[in-house]
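Q: Starting off with a structure, shown below.
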There are 2 protein chains.
Amino acid sequence: MRIDAVDFFYLSMPEVTLEGDGSQDALLVRVASGGHVGWSECEASPLTSIAAAVCPRSHGACQPVLDSVLGQTLDDIADIPRIARLVGRNSLDLLQADHTWSGIEIALWDLLGRRLSEPVYRLLGWPKAFPKLPYASLLFGDTPEITLAKGRAMRARSFRAAKFGWGPFGQSTAAADRDQLAAAREGLGPDGILLVDAGAIWVDDLQAARQRLGALQEFRAHWLEEPFVSGALDAHHALSRESRSVPLAAGEGSHNPFMARHLIDHGGVGFIQIDTGRIGGLGPAKEIADYAVARGVTFVNHTFTSHLALAASLQPFAGLKDHEICEFPAEPKALAFEITSDHLMPGGDGLVRLADVPGLGMTVDPRTIERYLVDVEIRAKGEILYRTPRVPA
Amino acid sequence: MRIDAVDFFYLSMPEVTLEGDGSQDALLVRVASGGHVGWSECEASPLTSIAAAVCPRSHGACQPVLDSVLGQTLDDIADIPRIARLVGRNSLDLLQADHTWSGIEIALWDLLGRRLSEPVYRLLGWPKAFPKLPYASLLFGDTPEITLAKGRAMRARSFRAAKFGWGPFGQSTAAADRDQLAAAREGLGPDGILLVDAGAIWVDDLQAARQRLGALQEFRAHWLEEPFVSGALDAHHALSRESRSVPLAAGEGSHNPFMARHLIDHGGVGFIQIDTGRIGGLGPAKEIADYAVARGVTFVNHTFTSHLALAASLQPFAGLKDHEICEFPAEPKALAFEITSDHLMPGGDGLVRLADVPGLGMTVDPRTIERYLVDVEIRAKGEILYRTPRVPA
């Protein structure tokens with residue numbers, strides 16, 4: 001069967017703030033082939049990712065993503081990496097293509113899972129899906145008091161783990177960061193798993209990161225995430241040698257599997273965090289899960305948006321019993337939460353489970369699309385290259 | 001003074017083919033500040049790079065590039081890396097931002113050079129600009145006969161060096177590639193410097209690259225360029241250990257300085273090729289030139305488009321006498337050649353020289369913009385985010 005259509009739906013909250021909260025907008029992708037459909041979500045900058053899908057070609061190795069996707073055969077799972085190689089070749093010089101393709105790739109797995117009546121994790125090679133221990137993913141409060149209250153709230157919601165990140169952390173003094181860490185630990189209680197996300201704030205400044213290690217150890221952080229930008233392998237490596245009791249976590253910025261491997265091989269990370277909506281989709285993410293196992297590194301999903309993205313991000317390491325912790329968007333904006341009518345909520349034991357259902361197992365709610373849909377039109381060379389599609393019934 | 005305006009002009013040939021010829025379209029950038037203007041060219045996918053400049057923001061770390069540029073102070077050269085850090089932070093999750101920002105960054109240097117009456121290379125720290133030995137950058141012919149004729153034509157134009165790349169090379173058998181290399185060597189003559197560009201065709205397939213080493217040695221290739229995609233550090237490194245008489249060249253895909261450093265430190269390349277229109281502009285490119293010197297690696301520009309791009313790409317290593325070879329677009333499309341009214345043509349001694357003139361020293365021809373300008377309009381959220389600007393007088 002051929003891939004008949006790829007549609008993009010750009011959703012946005014009425015107001016998008018400067019918070020480090022990636023759930024304020026979303027780019028949904030729907031693919032159609034032979035009477036079946038698949039859904040997924042791209043990560044980051046909807047308009048730019050749409051442009052990469054539909055732009056006029058610049059030359060043979062800078063073609064719009066859809067030119068390598070529409071009309072392609074989709075008979076079995078081997079077609080997905082084949083199309084991925086095509087996109088990689090034909091859009092080699094189109095930087096944003098990796099983000100655009102990631103969403104399409106995931107939707108193709110969803111579609112095939114539905115057509116074959118198999119959950120995606122099984123198509124990826126995992127016989128079963130193990131339960132995951134969700135950590136509530138939160139922004140630091142503007143003050144330690146707010147952070148304390150957030151920690152307490154998560155404890156009240158029975159989260160055994162929580163991650164605090166971004167907000168003011170790392171931007172002022174090490175003493176101010178210590179106060180934030182103290183508040184987070186107090187809010188979470190002595191037994192909670194505390195994770196800390198610096199949001200790449202120190203770029204590649206080893207000394208700035210070093211100044212926080214004492215407090216991270218004092219308040220028993222389980223990991224320090226993204227002290228640096230993802231390319232700063234040397235800084236990651238140097239810090240990892242000094243912070244053994246607080247392993248480093250990184251990888252969400254990886255827009256191809258090489259970048260994630262480099263963080264493992266040359267950056268010394270203990271946790272590799274993969275956003276399936278950026279790295280090229282589920283195939284590359286599974287490749288990194290296997291690679292992490294071989295190198296003694298723990299795979300973790302990166303997910304800050306919808307439960308559609310969450311369902312996708314859990315597939316690549318569903319079969320890894322010991323890679324137990326998973327990111328869980330605990331305070332998403334309404335838009336992100338409402339994208340699906342079903343949700344992967346923690347069970348009575350506090351664990352999150354992927355059900356044994358076809359595809360990603362999530363149902364997109366057309367009323368949410370209707371409610372948050374952004375009207376877009378892109379014209380070039382006398383043609384309409386993109387116009388917001390109608391909401392599917 | 002403040003940055004008052006940043007305008008993008010998307011130019012295109014009437015027909016854009018599937019050739020690996022990046023000179024078929026162009027994205028020009030003009031910046032204005034305090035009555036001065038600066039010009040430059042972005043590399044790759046004009047529409048997508050425009051979208052990254054003007055898209056609605058997604059969150060604090062996924063903002064459109066222009067939000068970090070317009071209104072910023074531009075008093076001296078230290079302002080440029082300051083704005084670069086701002087873009088890096090505010091557009092951390094916007095993949096295409098690196099390509100968009102690269103063009104703006106270069107235009108800011110051009111503007112400051114004009115305002116301060118200094119050539120950009122001097123602002124970058126080079127007391128003088130040494131002449132460079134241009135290599136004619138060409139696509140392999142569809143047949144060895146065409147390649148032979150191209151080689152002869154370059155010799156007739158007095159080029160002492162030529163690079164053949166892309167086209168059929170690497171896509172069929174090693175024997176077919178040997179025929180192409182034989183033809184290139186014959187066309188260029190025994191004394192010509194022959195460079196070979198595989199255009200990342202083998203992705204990360206070490207064995208496929210290995211099969212070509214014999215012929216590359218036989219016909220005395222000066223380097224083998226991009227056997228693999230830029231992230232495939234392990235494959236580059238392994239090949240570099242087997243191909244010592246034919247050093248590897250790579251780096252054009254680097255969209256930040258880290259990627260170029262990794263090719264030097266972990267990929268074993270002998271030549272690091274930087275496209276200033278992708279890596280973040282002239283500041284990061286100069287950083288890599290310095291890094292290359294310290295590691296015993298030779299810096300080379302990557303330029304396949306206009307002489308505006310060529311003038312920019314020569315600045316970062318203008319002061320390096322021993323890094324003598326430079327890429328020279330020998331068969332650009334009319335659009336690319338006509339962007340500037342002046343050109344950096346080789347002198348009687350076959351060498352290319354940057355003149356001691358303010359800025360990049362190039363004059364953009366408004367008639368060329370007029371002739372090739374693409375009409376674009378991007379609307380979202382009820383607003384026109386971008387519309388092709390008027391051609392400047």
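Q: Is it the case, given these coordinates, that residue A:148 is surrounded by fewer than 21 Cβ atoms within 10 Å (Cβ to Cβ), in contact with a Ser or Thr (Cβ under 7 Å, 6 or more places away or on another chain), among the aliphatic types (A, V, I, L, M) and more than 17 Å from residue A:133 (Cβ to Cβ)? Give the derivation first.
A: Values: surrounded by fewer than 21 Cβ atoms within 10 Å (Cβ to Cβ): yes; in contact with a Ser or Thr (Cβ under 7 Å, 6 or more places away or on another chain): no; among the aliphatic types (A, V, I, L, M): yes; more than 17 Å from residue A:133 (Cβ to Cβ): yes.
No, not satisfied.
Q: Would you mention how many residues in segment B:43-66 are among the small types (Gly, Ala, Ser), more than 7 Å from chain A (Cβ to nearest Cβ) and in contact (Cβ under 8 Å) with a residue 60 or more places away in the chain? Break it down stepwise before answering.
A: Within segment B:43-66, the subset among the small types (Gly, Ala, Ser) is B:44-45, B:49, B:51-53, B:58, B:60-61.
Right, trim to more than 7 Å from chain A (Cβ to nearest Cβ) and you get B:49, B:53.
Filter once more, keeping what is in contact (Cβ under 8 Å) with a residue 60 or more places away in the chain: B:53.
Total satisfying the criteria: 1.
Q: Which pairs have Cβ atoms under 6 Å, sit 6 or more apart or on different chains, and link a residue in segment A:337-349 that is in contact (Cβ under 8 Å) with a residue 24 or more places away in the chain to one that is among the acidic types (Asp, Glu)?
A: Matching pairs, first to second residue: A:341/A:365.
Q: Being surrounded by 19 or more Cβ atoms within 10 Å (Cβ to Cβ) and either among the charged types (D, E, K, R) or over 16 Å from residue A:279 (Cα atoms) (or both): is that true of residue A:113 here? Outline the logic, then answer.
A: On the way: surrounded by 19 or more Cβ atoms within 10 Å (Cβ to Cβ): yes; either among the charged types (D, E, K, R) or over 16 Å from residue A:279 (Cα atoms) (or both): yes.
For residue A:113, the condition - surrounded by 19 or more Cβ atoms within 10 Å (Cβ to Cβ) and either among the charged types (D, E, K, R) or over 16 Å from residue A:279 (Cα atoms) (or both) - is met.
Q: Moving on. Pairs only if they're at least six apart or on different chains, beta carbon under 6 angstrom, first in segment B:89-107 and at the interface with chain A (Cβ under 10 Å from one of its Cβ atoms), second outside any loop (DSSP other than H, G, I, E, B) and surrounded by fewer than 24 Cβ atoms within 10 Å (Cβ to Cβ); list them, first residue then second.
A: Every condition considered, the pairs that remain are B:90/B:68.
Q: Here is a follow-up. Regarding residue A:120, is this residue farther than 30 Å from residue B:21 by Cα, out of contact with any Cys (no Cβ under 9 Å at 6 or more places or on another chain) and aliphatic (A, V, I, L, M)? Break it down stepwise before answering.
A: Numbers: farther than 30 Å from residue B:21 by Cα: yes; out of contact with any Cys (no Cβ under 9 Å at 6 or more places or on another chain): yes; aliphatic (A, V, I, L, M): yes.
Yes: the conditions hold for residue A:120.
Q: Could you check segment A:67-82 and list, in sequence order, the residues that are free of Cβ contacts under 8 Å to residues at least 60 places away in the same chain and either buried (at least 21 other Cβ atoms within 10 Å of the Cβ) or within 14 Å of chain B (Cβ to nearest Cβ) (or both)? It would help to see each step written out before you state the result.
A: Applying the first criterion (free of Cβ contacts under 8 Å to residues at least 60 places away in the same chain) to segment A:67-82 yields A:67-68, A:76-79, A:82.
Listed by number, the residues that qualify are A:67, A:68, A:82.
Q: What is the number of the single condition among (1) closer than 22 Å to residue A:277 by Cα; (2) of a type in the set (D, E, K, R); (3) out of contact with any His (no Cβ under 9 Å at 6 or more places or on another chain) that residue A:252 does not meet?
A: Unmet condition: (3).
Q: Please find, among A:317, A:328, the residue that is buried (at least 16 other Cβ atoms within 10 Å of the Cβ) and touching a His at 6+ places or on another chain (Cβ under 9 Å).
A: Exactly one residue qualifies, and that residue is A:317.
Q: Here's something else I'd like to know. Please specify each residue of segment A:12-42 satisfying the condition of being within 8 Å of another protein chain (Cβ to nearest Cβ), touching a Leu at 6+ places or on another chain (Cβ under 8 Å) and of a type outside the set (Ser, Thr, Tyr).
A: A:19, A:20, A:21, A:24, A:25
Q: Only residues in segment A:1-21 that are in contact (Cβ under 8 Å) with a residue 12 or more places away in the chain count as the first member; pair them with residues that are acidic (Asp, Glu) and in a loop (DSSP other than H, G, I, E, B), Cβ under 7 angstrom, at least 6 apart or cross-chain, and list the lot.
A: Taking only residues 6 or more apart or on different chains, the pairs are A:1/A:75.
Q: Among (1) surrounded by fewer than 24 Cβ atoms within 10 Å (Cβ to Cβ); (2) under 25 Å from residue A:97 (Cβ atoms), which single condition is residue A:278 missing?
A: (1)
Q: Now, a different point. Looking only at segment A:122-134, decide whether some residue is crowded, with 24+ Cβ neighbours inside 10 Å and touching a Pro at 6+ places or on another chain (Cβ under 7 Å).
A: Residues of segment A:122-134 crowded, with 24+ Cβ neighbours inside 10 Å: A:132, A:134.
With the extra rule that they be touching a Pro at 6+ places or on another chain (Cβ under 7 Å), the set shrinks to A:134.
Yes, segment A:122-134 has at least one match.
Q: List the strands (runs of 3 or more DSSP E) that sit entirely inside segment A:184-254 and contain at least 1 residues that are within 13 Å of residue A:267 (Cβ to Cβ) and either without any contact (Cβ under 8 Å) to a residue 12 or more places away in the chain or of a type outside the set (Asp, Glu) (or both).
A: Details: elements: A:193-197, A:221-225, A:248-250.
In segment A:184-254, A:221-225, A:248-250 are the strands (runs of 3 or more DSSP E) which contain 1 or more residues that are within 13 Å of residue A:267 (Cβ to Cβ) and either without any contact (Cβ under 8 Å) to a residue 12 or more places away in the chain or of a type outside the set (Asp, Glu) (or both).
Q: Of A:357, A:376, A:300, which residue is within 17 Å of the chain's Cα centre (by Cα) and either surrounded by 14 or more Cβ atoms within 10 Å (Cβ to Cβ) or free of Cβ contacts under 8 Å to residues at least 40 places away in the same chain (or both)?
A: Values: A:357 fails: within 17 Å of the chain's Cα centre (by Cα); A:376 fails: within 17 Å of the chain's Cα centre (by Cα).
Exactly one of A:357, A:376, A:300 is within 17 Å of the chain's Cα centre (by Cα) and either surrounded by 14 or more Cβ atoms within 10 Å (Cβ to Cβ) or free of Cβ contacts under 8 Å to residues at least 40 places away in the same chain (or both), namely A:300.
Q: Turning to a different aspect of this structure: Only one of A:33, A:58, A:40 is farther than 22 Å from residue A:254 by Cβ, crowded, with 24+ Cβ neighbours inside 10 Å and touching a helix residue (DSSP H, G or I) at 6+ places or on another chain (Cβ under 8 Å). Can you tell me which?
A: Working: A:33 fails: crowded, with 24+ Cβ neighbours inside 10 Å; A:40 fails: farther than 22 Å from residue A:254 by Cβ.
Checking each option against the conditions leaves just A:58.
Q: Moving on to the next point. If we keep just the residues of segment A:215-235 that are more than 11 Å from every other protein chain (Cβ to nearest Cβ) and touching a helix residue (DSSP H, G or I) at 6+ places or on another chain (Cβ under 8 Å), which is surrounded by the fewest Cβ atoms within 10 Å (Cβ to Cβ)? Step through it out loud before you land on a result.
A: Residues of segment A:215-235 more than 11 Å from every other protein chain (Cβ to nearest Cβ): A:215-225, A:227.
Those still in the list that are touching a helix residue (DSSP H, G or I) at 6+ places or on another chain (Cβ under 8 Å) too: A:215-216, A:218-221, A:224, A:227.
Details: A:215: 20, A:216: 23, A:218: 12, A:219: 19, A:220: 14, A:221: 25, A:224: 25, A:227: 32.
Restricting to residues being more than 11 Å from every other protein chain (Cβ to nearest Cβ) and touching a helix residue (DSSP H, G or I) at 6+ places or on another chain (Cβ under 8 Å), the top hit is A:218.
Q: Could you identify the single residue in B:155, B:160, B:212 that is basic (Lys, Arg), surrounded by fewer than 23 Cβ atoms within 10 Å (Cβ to Cβ) and touching an Asp or Glu at 6+ places or on another chain (Cβ under 8 Å)? Talk me through it step by step, then tell me what you get.
A: On the way: B:155 fails: touching an Asp or Glu at 6+ places or on another chain (Cβ under 8 Å); B:212 fails: surrounded by fewer than 23 Cβ atoms within 10 Å (Cβ to Cβ).
Going through B:155, B:160, B:212 in turn, just one is basic (Lys, Arg), surrounded by fewer than 23 Cβ atoms within 10 Å (Cβ to Cβ) and touching an Asp or Glu at 6+ places or on another chain (Cβ under 8 Å): B:160.
Q: Considering segment A:317-341 alone, what residues qualify as being at pLDDT below 95 and of a type in the set (Asp, Glu)?
A: Across segment A:317-341, the qualifying residue is only A:331.
Q: Do we have any residue at all in segment B:316-324 that's within 14 Å of chain A (Cβ to nearest Cβ), in contact with a helix residue (DSSP H, G or I) (Cβ under 8 Å, 6 or more places away or on another chain) and not hydrophobic (A, V, I, L, M, F, W, C)? Give the steps one after another, and end with the answer.
A: In the first step, residues of segment B:316-324 are kept if they are within 14 Å of chain A (Cβ to nearest Cβ); the result is none.
Within segment B:316-324, not a single residue is within 14 Å of chain A (Cβ to nearest Cβ), in contact with a helix residue (DSSP H, G or I) (Cβ under 8 Å, 6 or more places away or on another chain) and not hydrophobic (A, V, I, L, M, F, W, C).
The values are calculated or read from the model by the stated rules, or taken from the named source; none is laboratory data. Just so you know, these numbers come straight off a predicted model, no measurement behind them. Virtual Cβ from ideal backbone geometry, glycine too; neighbours counted across all protein chains shown.
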